[in-house]
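What follows is a single structure, written as structure tokens, with notes after it.
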Amino acid sequence: MLSVRPKVAELAYVLYGRPLHPELFEVHASRTVTRGDYEVKIDVTNTGHVLTWRCGGLTWTEVATAIHHPLPVRRRLMFHQLKAQHHDEFVGRGGVSYSIDIHLESVQPEIFWLFQHELSREGPGQGLFFQFHPSGRMPLGAMSFIAHQARNKSLCIQAFHTFPDDCALVRSTTVFRLP
């Protein structure tokens with residue numbers, strides 16, 4: 001198990017058609033949301049996040065993790081190493097759909113620190129938030145912030161992960177839709 005946040009260039013997004021064993025991740029913050037016919041468990045991990053979405057007998061798990069993190073291959077539906085930006089969609093049985101938009105932004109240090117400051121001030125009251133300890137080189141540790149909008153037939157999750165050593169921000173928007 002990884003004990004520190006990876007370099008942003010080592011980040012990948014993976015979608016599974018099944019739940020993953022919780023011992024694969026070090027969870028720092030967690031929240032469960034239930035609405036209509038579905039439930040989602042949102043976890044902030046060292047490497048990013050784990051979203052476990054369940055509806056009826058269907059389970060999808062999205063993982064933002066390091067590409068070298070040991071994860072199973074069985075029932076892996078998508079795998080994307082993080083680049084500047086990426087969009088993908090998947091439609092499962094019964095017309096249930098999943099879509100993801102991922103954006104990687106490398107910014108100037110002063111803009112990065114301004115974003116970190118605003119996130120640390122506003123994030124804790126607005127969604128699931130966790131601030132990591134500084135790595136030693138930087139005065140402020142990495143942050144993860146995850147917000148959600150739940151409707152009866154859809155769920156939108158926005159995640160922000162900061163990488164101080166790289167002055168980089170990763171922003172993703174995940175949408176689960178019922179037919």
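Within the straight-line cut-off of under 13 Å between alpha carbons, the aspartates and glutamates reachable from Lys41 are Glu62, sequence neighbours fewer than 8 places apart in one chain being disregarded. Sites count as exposed loop sites when they are trypsin sites (Lys or Arg not before Pro), lie in a DSSP loop, and have at most 16 other Cβ atoms within 10 angstrom; the longest stretch of the chain without one is 8-73. Test of understanding: extend the Cα→C-beta vector of Ala84 to 7 Å, then name every residue of region 105-122 with backbone N under 18 Å from that spot. Within reach of a label on Ala84, which here means backbone N under 18 Å from a point 7 Å along Cα→Cβ, region 105-122 contributes 105-108.
Summing Lys, Arg as +1 and Asp, Glu as -1, what charge do residues with Cβ under 14 Å from the Cβ of Ile67 carry, Ile67 excluded? Charge balance in the 14 Å sphere: +3.
Charged neighbours of Phe25, selected by a Cβ distance under 12 Å, balance to -2 (K, R count +1; D, E count -1).
Across region 8-177, the mean sequence separation of Cα contacts (distance under 8 Å, 6 or more residues apart), normalised by length, yields a relative contact order of 21 percent. The largest-to-smallest principal axis extents of the Cα set in the chain are 49, 33, 28 Å. The distance between label points at Arg151 and Leu58 comes to 1.6 nm (points 7 Å beyond Cα on the Cα→Cβ vector).
Every read-out reported here was derived from the displayed coordinates using simple, explicitly stated rules and does not represent laboratory data. Just so it is clear, the structure is predicted and the values come from calculations on it, not from any experiment. Virtual Cβ from ideal backbone geometry, glycine too; neighbours counted across all protein chains shown.
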